[in-house]
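S.K.: A single structure is presented below for examination.
Bear in mind these aren't lab numbers, they're just calculated from the coordinates by the rules spelled out. Computed from a predicted model, the values in this text were never measured in an experiment. So basically every Cβ, Gly included, is an ideal-geometry build from the backbone, and we count neighbours across all protein chains shown.
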Amino acid sequence: MTTTELGMPGSSPRAGTASVPRLPEDADTLTKRDFTSDQEVRWCPGCGDYAILAAVQGFLPELGLKRENIVFVSGIGCSSRFPYYLDTYGMHSIHGRAPAIATGLATSREDLSVWVVTGDGDALSIGGNHLIHALRRNVNLKILLFNNQIYGLTKGQYSPTSHVGAVTKSTPLGSVDQPFNPVSLALGAEATFVARTMDSDRKHLTEVLRQAAEHRGTALVEIYQNCPIFNDGAFDLIKDREQQQARLVHLVDGEPVRLGAEDDRQVLVRTKAGLRFVPEGEAADDGVVVHQVGADDPAQAFAISRLDTPDMTHVPMGVFRSVARPTYDDLVRAQVDSAVEKGGGPATDADLERLIHGRDTWTVA
Amino acid sequence: MSSKSVQQLDRVVIRFAGDSGDGMQLTGDRFTSETAALGNDLSTLPNFPAEIRAPQGTLPGVSSFQLHFADHDVLTPGDAPDVLVAMNPAALKANLRDLPRGATVIVNIDEFTKRNLAKVGYAENPLEDGSLDSWQVHPVALTSITVEALAGFNTLSRKDKERAKNMFALGLLSWMYHRPTTGTELFLKNKFASRPDILEANLAALRAGLNYGETTEAFSVSYEIAPAKMPSGTYRNVTGNIALAYGLVTAAHRARLPLVLGSYPITPASDILHTLSGLKRYGVTTMQCEDEIAGIGAALGASFGGAIGVTTTSGPGVALKSETIGLAVSLELPLVIVDVQRGGPSTGLPTKTEQSDLLQAMFGRNGESPVPIVAPSSPADCFDAAMEAVRIATTYRTPVFLLSDGYLANGSEPWRLPSVKDLPDLRVEFATEPNGVDAKGQPVFHPYLRDETTLARPWAVPGTPGLEHRVGGIEKADVTGNISYDPDNHDRMTRLRAGKVAGIADTMGDLEVDDPSGEAEVLVLGWGSTYGPIAAAVRNVRNTGAKVARAHLRHLNPFPANTGEVLRRYRTVLVPEMNMGQLAMLLRAKYLVDVQSFTQVRGLPFTTVELADAIVGAQTVSDNGGTA
């Protein structure tokens with residue numbers, strides 16, 4: 001097998017929406033209402049999806065894009081009803097396949113802002129293959145993974161993010177499956193942008209969406225989302241105001257990885273036994289872990305993602321990784337465009353005839 | 001030429017057979033090109049194992065290439081070879097049973113060593129024990145003569161020299177049948193441009209083969225086959241996979257839309273992926289996806305965006321794509337699914353042909369999910385069939401199956417090249433404006449408001465202002481496309497989707513019957529790649545004075561409007577298929593006609609003789625009042 005230099009664009013990072021038509025400067029800005037469809041929202045009362053929908057509807061106008069150039073593609077599951085409630089173009093597809101469908105759409109249409117809405121079952125179980133391949137290819141997609149650690153639409157079976165021992169309808173004696181950590185998985189799959197946020201923290205969620213939209217390439221955003229019916233309170237420990245400060249690790253680029261209130265601040269250090277939190281005063285400067293979202297090597301981001309444990313003692317939130325790498329769709333289009341250009345522009349009837357004739361013809365009079 | 005005699009023949013069938021590493025497919029391809037250049041009509045049948053390099057010299061490793069060429073219309077690759085070129089004992093043993101007594105066998109005696117004979121179970125050397133007395137055997141030391149002819153090539157190893165023996169064989173056969181070798185020389189120059197020593201060695205081996213025929217006493221006769229009388233025009237030789245790829249590109253060109261292929265490699269469809277990957281200059285986007293499901297998903301995503309989405313695969317891949325095909329039925333978006341059928345079930349016979357995916361294409365999905373089916377009848381016809389599949393997909397906003405098979409995919413024939421501007425205009429109109437009003441009288445877009453004639457829904461692509469809408473796999477409310485669980489609506493939508501597909505018959509023409517006398521009582525009805533064998537068999541039967549009618553289905557769903565009427569016109573309808581009777585089952589179910597099924601699943605096309613026998617048999621039954 002030989003390889004070749006692609007000689008293609010990608011050296012100068014462009015924004016995720018750089019090729020999507022924007023509203024004229026003098027046009028009225030769109031509002032949340034413009035992104036709300038006329039369909040009645042049918043999630044269960046108290047579902048975390050409502051908060052995410054409101055945050056997305058509230059955030060989209062900020063992008064300044066033409067509404068008709070935004071597409072939401074989803075798979076199957078509670079979260080995948082999302083596109084019906086947004087007044088953009090949308091497709092509610094089949095279980096697990098949204099990343100594949102969105103890859104075809106994003107690759108063939110540079111002028112679209114393509115979003116995928118999926119859940120822990122849809123993305124990590126039946127659609128696991130498509131997810132990791134979208135991530136490694138770095139297609140210009142924004143993937144919102146609603147993680148409620150349970151199957152909701154099929155009424156309460158354990159999911160690939162349910163904890164070991166989880167008692168559910170299909171695991172009456174407790175689940176024996178080791179769960180995926182979606183952030184670790186994405187980092188291992190060569191993802192260029194990986195973040196985690198939470199349904200109930202509108203401000204944090206919006207900020208993460210903003211950075212994801214800005215990123216050119218596949219952005220995976222894990223959103224912790226409460227299912228009030230089948231897994232209520234799954235994230236209570238990190239939602240509780242008193243507890244969360246000691247548990248949530250807010251990642252800030254270029255700053256030490258810290259935890260806790262000001263009077264009880266802990267900082268992440270490197271030890272022979274791996275990363276661990278120590279009181280800020282005890283940390284030697286050279287051992288302190290400084291978060292670098294743009295590091296080429298994802299090893300440190302991966303190590304930080306492993307701080308997460310089922311008992312939620314330490315839960316990192318925010319952007320784990322954000323690096324520039326040429327996107328699959330840009331490269332595919334560039335190869336086609338350059339071939340068309342070298343051929344003298346779009347193919348004519350005569351070009352087509354040359355193609356089908358090939359090199360070896362004969363004529364019968 | 002020399003003092004040797006020249007005989008005129010009207011047709012010849014040659015089979016090249018050797019180890020999968022011996023270059024038999026290449027040799028066959030080159031001989032085919034030379035034959036095409038000479039103006040003979042022809043048909044080819046490559047036959048090779050699924051293993052890339054099976055153990056050397058064994059029966060499973062035998063690869064062959066058969067070519068039938070003539071001074072008249074050729075319909076099949078030929079039942080039985082007149083000439084077998086056997087590069088080793090395995091090739092002889094594997095192919096001898098297909099060889100009629102009296103046929104010519106050219107064997108490479110260098111390979112007939114004790115060890116090689118033992119490998120394939122020959123206790124005695126068949127060249128010496130008299131077992132080949134019924135054939136005209138020409139033992140030639142192909143390997144050693146080639147090596148000797150290349151004695152001056154000091155930079156090449158013995159192995160490299162031996163490798164050129166296929167060119168020696170090609171040279172010898174080119175002499176025997178008066179084929180011009182200039183095309184092959186040009187081909188070699190391109191292929192080995194960066195290896196001048198290998199190029200010269202191959203050219204020398206080719207010439208040595210020609211000279212050997214000319215000078216040796218072993219071959220006293222050479223043969224001429226006059227050009228065939230073919231309709232005027234410019235021709236090329238083409239395989240089904242290439243023609244199919246070109247058909248898709250040309251259809252997209254005529255539709256003024258980009259072609260987007262999502263695919264996953266699978267035998268025998270991969271050549272379409274390879275070909276389209278090289279056609280970026282024509283605006284073609286190809287994506288080799290992570291699996292079959294992603295392949296069709298990417299294609300469907302592209303169709304949603306306004307491209308012609310295509311996925312290419314074989315039977316096992318279709319099984320994986322089924323759910324997405326169902327989604328496309330619900331979304332009512334154009335999509336072409338190319339199934340190059342091979343032997344099944346499961347992995348089955350990856351490199352062998354079969355027509356056993358018809359019912360899978362027809363019914364292999366959950367729910368009532370009708371999908372139109374188009375089947376090409378010959379390698380060159382793959383071009384037109386691909387255009388027809390795109391026409392149906394874009395006109396009716398539906399997924400369409402294009403059912404090719406391994407025989408069409410790799411087989412080749414001369415193709416009279418069309419003029420692109422005379423091909424059907426496939427332009428489509430995207431929706432650009434709202435098409436309804438809401439309760440408040442405001443203009444709205446109804447994504448499932450249908451065209452009255454075609455029942456197609458509007459194709460409104462993202463980027464079109466004011467037409468923002470959502471589609472999906474949950475049942476749609478008629479007209480608005482909103483989610484609906486209403487019983488009456490589901491019944492209506494199911495019938496609308498079925499009616500839309502049934503209505504395609506309005507734009508595809510009647511089933512044409514070839515019944516020259518108008519007095520036939522037996523109709524032979526086929527579909528897909530059995531076209532050639534059936535037409536050849538019918539011709540043979542007619543030559544005996546019998547009257548027999550013939551028809552061939554290009555559309556399997558829906559059937560042409562007059563199909564039932566045609567079936568009822570004949571006392572006996574014989575349906576030959578390379579499956580267990582799938583078309584016959586559909587015809588019986590739909591038309592209540594007691595068609596007679598003739599089936600075979602040997603991984604190979606029907607021979608003319610066995611089909612002719614079946615037709616004669618059906619005739620006899622028909623004469624006896626229709627009962628067997």
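S.K.: Hey, what number do you get for the protein assembly as shown at 222 nm if only DSSP H runs of n ≥ 4 count, each worth -39500 (n - 2.57), divided across all residues, to the nearest 500?
M.R.: Mean residue ellipticity, 222 nm, calculated: -10000 deg cm²/dmol.
S.K.: Running a GNM on chain A with Cα contacts under 10 Å, which residue among A:GLY254, A:GLY128, A:GLY344 ends up with the highest mean-square fluctuation?
M.R.: Per the Cα network of chain A with a 10 Å cutoff, A:GLY344 tops the list.
S.K.: Contour minus end-to-end for A:LYS155 and A:THR3, with contour as 0.36 nm per residue of separation and end-to-end as the Cα-Cα distance?
M.R.: Going from the current span to full extension adds 49.8 nm.
S.K.: Is the shape of the protein assembly as shown best called rounded, prolate or oblate, per the rule: a/c under 1.5 gives rounded, else a/b larger than b/c gives prolate, else oblate, with a ≥ b ≥ c the square roots of the Cα gyration tensor eigenvalues?
M.R.: It is prolate, given that a/c is not under 1.5 and a/b is the larger ratio.
S.K.: Quick one: which of B:LYS191/B:LYS352; B:LYS321/B:LYS500; A:LYS342/B:LYS421 span more than 25 angstrom between C-alpha atoms?
M.R.: Going by Cα-Cα distance, B:LYS191/B:LYS352 fall outside the 25 Å limit.
S.K.: Enter the angle in degrees (range 0 to 90, nearest 10) between the Cα long axis of helix B:182-191 and the first principal axis of the Cα atoms of chain B, meaning the one along which they spread out most.
M.R.: Tilt relative to chain B: about 70 degrees.
S.K.: Separate question: Counting partner chain Cβ atoms within 10 Å of every residue's Cβ in A:323-335, what's the average?
M.R.: Whole-number average of other-chain Cβ neighbours for A:323-335 is 1.
S.K.: Can you spot the aspartates and glutamates whose alpha carbon is less than 14 Å from B:LYS590's alpha carbon? Ignore those fewer than 8 places along the same chain.
M.R.: Hits, sequence-local ones excluded: B:GLU565.
S.K.: Count the net charge of all other residues whose Cβ sits under 12 Å from the Cβ of B:GLU475, scoring Lys and Arg as +1 and Asp and Glu as -1.
M.R.: Net of charged neighbours comes to -2.
S.K.: Which of the lysines could a cross-linker span from A:LYS32 if the Cα-Cα distance has to be under 16 Å and same-chain partners fewer than 8 positions apart are dropped?
M.R.: Within the straight-line limit of under 16 Å, A:LYS32 reaches these lysines: A:LYS66, A:LYS203.
S.K.: Something else: Using the beta-carbon distance between B:LEU449 and A:THR36 and R0 = 22 Å, what value does 1/(1 + (r/R0)^6) give for FRET efficiency, to the nearest 0.05?
M.R.: 0.45
S.K.: Still on this structure: Net charge near A:VAL249, counting Lys/Arg +1 and Asp/Glu -1 over other residues with Cβ under 13 Å of its Cβ?
M.R.: Result for the neighbourhood of A:VAL249: +4.
S.K.: Give the average, rounded to an integer, of partner chain Cβ atoms located within 10 angstrom of each Cβ in A:67-75.
M.R.: The shielding value for this peptide is 4.
S.K.: With the contact rule set at Cα under 8 Å and sequence spacing of 6 or more, what percent relative contact order holds for the stretch B:429-506?
M.R.: 26 percent
S.K.: Counting Lys +1, Arg +1, Asp -1, Glu -1, what net charge surrounds B:ARG97 among other residues with beta carbon under 15 Å of its beta carbon?
M.R.: Charge balance near B:ARG97 sits at +1.
S.K.: Shape verdict for the stretch B:429-506, please, from the Cα gyration tensor: rounded (a/c under 1.5), prolate (a/b greater than b/c) or oblate.
M.R.: Judged from the Cα gyration tensor, the stretch B:429-506 comes out oblate (a/c at least 1.5, b/c at or above a/b).
S.K.: Please compare each pair in A:LYS142/B:LYS280; B:LYS93/B:LYS189; B:LYS189/B:LYS280 to a cut-off of 32 Å on the Cα-Cα distance and tell me which ones are over it.
M.R.: B:LYS93/B:LYS189, as the Cα separations exceed 32 Å there.
S.K.: Be a star and scan the stretch B:362-377 for residues whose amide nitrogen sits under 19 Å from the point 7 Å along the Cα-to-Cβ vector of B:ASP491.
M.R.: B:367-369
S.K.: Moving on. Relative contact order of chain B: what whole-number percent is it, with Cα pairs under 8 angstrom and at least 6 residues apart?
M.R.: Averaging sequence separation for qualifying contacts and normalising by length gives 11 percent for chain B.
S.K.: Excluding same-chain residues fewer than 8 positions from B:LYS4, which lysines have a Cα within less than 27 Å of its Cα?
M.R.: B:LYS165
S.K.: Using only atoms on other chains, find how many Cβ atoms lie within 10 Å of each Cβ of peptide A:107-118 and report the average.
M.R.: The shielding value for this peptide is 4.
S.K.: Sort the stretch A:14-142 into rounded, prolate or oblate with this rule: let a ≥ b ≥ c be the square roots of the eigenvalues of the Cα gyration tensor; rounded if a/c is under 1.5, and if a/c is not under 1.5, prolate when a/b is larger than b/c, oblate otherwise.
M.R.: Oblate, because a/c is 1.5 or more while a/b does not exceed b/c.
S.K.: Something else: Would you mind putting B:447-457, B:166-176, B:463-473 in packing order, based on average other-beta-carbon counts within 10 Å, highest first?
M.R.: Highest-to-lowest ranking by the protection proxy: B:166-176, B:463-473, B:447-457.
S.K.: Separation between the B:ALA80 and A:ASP177 pseudo-spin-labels, each 7 Å from Cα along Cα→Cβ, expressed in nm?
M.R.: 6.1 nm
S.K.: So, with +1 on the Cβ of K and R and -1 on the Cβ of D and E, and no other charges, what is the size of the charge dipole of the protein assembly as shown about its Cα centre, to the nearest 20 debye?
M.R.: Magnitude of the dipole: close to 720 debye.
S.K.: Also, quick follow-up: For a footprinting-style exposure proxy, rank A:HIS204, B:HIS72 by other Cβ within 10 Å, fewest first.
M.R.: B:HIS72, A:HIS204
S.K.: Using only alpha carbon pairs under 8 Å that are at least six residues apart, calculate the relative contact order of chain A and give it in whole percent.
M.R.: That works out to 16 percent.
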